[in-house]
1. Using mean Cβ contacts within 10 Å as the protection proxy, how do 162-171, 74-83 order, highest first?
2. At 1.4 Å probe size, with every protein chain present, just tell me what the per residue accessible area of the stretch 45-91 comes to in Å².
3. Carbon-plus-sulfur fraction of the accessible area of the stretch 25-124, 1.4 Å probe, in percent?
4. By its C-alpha gyration tensor, with a ≥ b ≥ c as the square roots of the eigenvalues, how is the stretch 47-104 shaped: rounded for a/c under 1.5, else prolate for a/b larger than b/c, else oblate?
5. Please list 3J(HN,Hα) in residue order for the stretch 73-83, calculated via the Karplus relation 6.51 cos²θ - 1.76 cosθ + 1.60 where θ = phi - 60°; whole Hz, with x for glycine and proline.
Amino acid sequence: TKEQVLGHSVGALLISGQIRNTIYCSYMDITTFNPIILYGPPGVGKSSIIKLAQQRGIESIDIEKLGHSYEERKTEMLKVFKQLSSGLVICGAADMKQADFPVNTRSVLLLPDNETYERRLEHRNDEYPHKDGQEALRHYHHIKQKKDQYDLVLEGEASAEHTLDLILNHFTLL
């Protein structure tokens, strides 16, 4: 894997990116739409960014809402993807793996610092009570160890608006 470290901070976020090797997806070759998948531990703000993107008129899918199990979400996601023809689509990954997406997918890891993340978790259950019980801190540390596997890593704290703008600007300029 070739790495391209942008190495500068924008606001309170540290941005780093990489060009990852293409992984072959058995069910879908390169699509005519351009998927950007948001990854991150529970409570990091993926659903908030998806909601904001929808408000801005950007095709966006919160995969977590497509079903109750991994298999259900994956099946429904494929149905939705088959209906898309072209353009940008942003998805919250839920528990999907990078290999579950088309080969031209760009991956974004949202990763707040540990202290910020713990603060967010305290308030998370009030906003999203259906997400209570996810083993968030365990996921946080697991994902943090694998941050070099993503095309773009946004570390730190920023608003959903600022984060979405950074994501859109990064992939528009590539």
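1. Going by the mean number of other Cβ atoms within 10 Å, highest first, we get 162-171, 74-83.
2. Numbers: 2550 Å² over 47 residues.
For the stretch 45-91, the solvent-accessible area averages 54 Å² per residue.
3. Numbers: 2210 of 4600 Å².
Answer for the stretch 25-124 is 48 percent, counting heavy atoms of protein chains only.
4. Numbers: a/c = 1.76, a/b = 1.26, b/c = 1.39.
Since a/c reaches 1.5 but b/c is at least a/b, the shape of the stretch 47-104 is classed as oblate.
5. Values, residue by residue: 5, 5, 4, 5, 4, 4, 4, 5, 4, 5, 7 Hz.
The values are calculated or read from the model by the stated rules, or taken from the named source; none is laboratory data. These numbers were taken from a predicted model, which means no experiment stands behind them. Cβ sites come from the backbone with ideal geometry, for glycine too, and all protein chains shown count toward neighbours. Surface accessibility is based on the protein's heavy atoms, side chains included, excluding ligands, DNA and RNA. Shrake-Rupley method; radii C 1.70, N 1.55, O 1.52, S 1.80 Å.
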